[in-house]
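Before any comments, here is the structure.
Only the coordinates and a few stated rules stand behind these numbers; no lab work does. The shown structure was predicted, so the numbers you read here are calculated from the model rather than taken from an experiment. Positions of Cβ are generated from backbone atoms using ideal geometry, with glycine treated the same way; all protein chains shown enter the neighbour counts.
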Amino acid sequence: MKEPIIKSSGNVFLDLGFPLEEAAILQMRSEIMTDLRKVIKNKKLTQAKAAEILGVSQSRVSDLIRGKWEKFSLEMLIALATKAGMRISLKMVA
């Protein structure tokens, strides 16, 4: 028997049952991490060079590349994104 297909809310963390406020933060963290990984890949940076640019250890870059989102606060990811030359903005929708 097939599992029913349930339409996503647009936030996988909300769909997984996280409270609304936590799901919003997790979604933001996930999106910034994904974009940081893309920057590192597109610029063909080694983990050592990315660490130098971001001002963190190579092991922190490894955590970022491996998607260990639980090791990064939203504030830390915003700081890393800024150091990577990204512009972060928050859009409020009522």
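Descriptive notes on the structure:
- For the pair E70 and M86, label points projected 7 Å from Cα toward Cβ lie 2.2 nm apart.
- Alpha carbon Rg of the range 1-75, scaled by the compact-globule rule 2.2 N^0.38 Å: 1.37
- This ranking places V93, V61, V39, V12 by how few other beta-carbon atoms lie within 10 Å of each, fewest first, which gives V93, V12, V39, V61.
- Mean residue ellipticity, 222 nm, helices only, the chain: the sum of -39500 (n - 2.57) across DSSP H runs of n ≥ 4, divided by residue count and rounded to 500, is -17000 deg cm²/dmol.
- Cα-based reach from K91 at 20 Å (exclusive), listing lysines while leaving out same-chain residues under 8 positions away: none
- Projected label points at E52 and K38, each 7 Å from Cα along the beta carbon direction, are separated by 2.6 nanometres.
- With the charge dipole of the range 12-83 set up from +1 on Lys and Arg Cβ and -1 on Asp and Glu Cβ about the Cα centre, the Cα lying farthest toward the positive end among the listed residues P19, A50, T34 is that of A50.
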